[in-house]
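Beneath this line is the structure, given in structure tokens, with notes to follow.
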Amino acid sequence: MSQRAAWQLERLGFSEVYDFVAGKSYWIASARPTIGTTGEARVSDQMRTDPVTAGPGETVAAARTRRDDAVDVVVVNEHDIVVGVARAARLTTADPEDPLGKIMSVGPTTVRPDEPLEALQARMSAISVRSILVTKPTGELVGVYHSATSPKL
């Protein structure tokens, strides 16, 4: 937003106006609200925003108490940056005292909330992936998208 536009908004009574210098694309990719539609479905239209999360130092036993048996746990750091995924099957068989950082899969694939849904579904189908993490460009967890046949993540 230009300085002139920010000044006009302040003049109209908006008390907190900011100049978002990263740009519109970054704003949308960060799952921030927008006005209007492109007519194309986006990941943000169908993603879940409540995946089960835990820190890498949390024990398997503690993580098990916050999820259903078929649910993976997204491992995030103190800033909600995705660092891995503890898969449901691994959580079931792992030593309860092990930290999640020891059993998680590192570097999971992620997409942005503004990703066109149809293209993502085609890519996921081609490689037999049923769910994918949704993050901001900074790596912060926003949610998870899963196909209709996917177990909850």
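Residue pairs whose Cβ atoms lie under 8 Å apart, separated by 6 or more positions or on different chains, with the first residue in the range 29-47 and under 24 Å from Gly139 (Cβ atoms) and hydroxyl-bearing (Ser, Thr, Tyr) and the second at pLDDT below 80 and part of a loop (DSSP other than H, G, I, E, B), are Ser44/Ala31.
Only a single item in (1) touching a helix residue (DSSP H, G or I) at 6+ places or on another chain (Cβ under 7 Å); (2) in the same structural domain as Glu115 (by TED's automatic domain parsing) is not met by Val17, and it is number (2).
When the range 73-94 is filtered for residues that are assigned to a loop (DSSP other than H, G, I, E, B) and either small (Gly, Ala, Ser) or in contact with a strand residue (DSSP E or B) (Cβ under 9 Å, 6 or more places away or on another chain) (or both), the ones remaining, listed by number, are Asn77, His79, Asp80, Arg87, Ala94.
Name the residues in the range 55-72 that are at pLDDT below 95 and either part of a strand (DSSP E or B) or among the hydroxyl-bearing types (Ser, Thr, Tyr) (or both), would you? Thr65 - this is the single residue of the range 55-72 that is at pLDDT below 95 and either part of a strand (DSSP E or B) or among the hydroxyl-bearing types (Ser, Thr, Tyr) (or both). Residues in the range 19-54 that are modelled with pLDDT of 85 or more, loosely packed, with under 12 Cβ neighbours inside 10 Å and part of a helix (DSSP H, G or I): 1 in all.
Among the residues making up the range 5-18, those that are part of a loop (DSSP other than H, G, I, E, B) and either exposed (fewer than 10 other Cβ atoms within 10 Å of the Cβ) or touching a residue at least 24 places away in the same chain (Cβ under 8 Å) (or both) are Leu12, Gly13, Ser15, Glu16, Tyr18.
Tell me, please, whether a residue that is part of a strand (DSSP E or B) and out of contact with any Gly (no Cβ under 6 Å at 6 or more places or on another chain) can be found in the range 115-125. Yes, that holds for at least one residue. Inside the range 65-118, residues that are hydroxyl-bearing (Ser, Thr, Tyr) and either crowded, with 19+ Cβ neighbours inside 10 Å or touching a residue at least 12 places away in the same chain (Cβ under 8 Å) (or both) make up a count of 4.
The values are calculated or read from the model by the stated rules, or taken from the named source; none is laboratory data. No experiment lies behind these values; they were computed from the predicted model shown. All Cβ positions, even for glycine, are placed from backbone atoms using ideal geometry, and neighbour counts span all protein chains on display.
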